[in-house]
Amino acid sequence: MTSTSREETLALWQTQETQMRARLGKTGSMSLLDVAQLTPQEFFDGIGNGLYPHPPIGELMDFVPIEWTPGSFIFQGTPGPQHYNPLGIVHGGYAATLLDSCMGCSIHTQLKKGQGYTTLDLRISYIRALTDKTGPIRAEGTVVHLGRSTALAEGKLYDAEGRLYATGTTTCMILDMNR
């Protein structure tokens, strides 16, 4: 088993982030009707290839999609002083937003064309504080259960050394977007 150093992981993560940022198009949103006409793979590939706009929340909070496969989604961001709370550490809402995003998108990857979702429940457990010294972090969401009307996913937020900063779970309601 080969072990990867922190420096090698950081270099890989930086390359992946730079490549993704170069491919992303303008920020914006598509209508629910337009999204409903696409399979999840077409939708996310379209965002990742700059064909469709990428969500403004990523610009606001400085995170980008890195990888998606059916049932899994990874975002990467770098917390900075602009994300600080009055105590001088990154606000918990930053971690919660990344985890909500990766878990929801992991569910979206497994939906049928014409389906959407909305978060019903979001639970976050914080393990250690994020600061502007943490460096890049990844939020990885994985589907636990996909039913007809609800779905469950779990997520983890970790750094290039594999240190865990927060975990989360979500319950999402599956919606018919064609109505």
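Read-outs throughout are calculated quantities, based only on the coordinates presented, and are distinct from any laboratory measurement. All of these numbers come straight from a predicted model, not from anything done at the bench.
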Mean-position separation - Cα centroids, segment 10-83 and segment 131-179, in angstrom
15
Once every DSSP H run of n ≥ 4 in the chain is given -39500 (n - 2.57) and the sum is divided by its residues, what mean residue ellipticity at 222 nm do you get, rounded to the nearest 500 deg cm²/dmol?
-9500 deg cm²/dmol
Counting pairs of alpha carbon atoms under 8 Å apart in space and at least six apart in sequence, what relative contact order in percent does the chain give?
22
Just to be sure I understand the rule: take each whole DSSP H helix in the chain, project its Cα atoms onto its long axis, keep it if the span is 18 Å or more and its mean Kyte-Doolittle hydropathy is at least -0.5. Which ones pass?
92-108
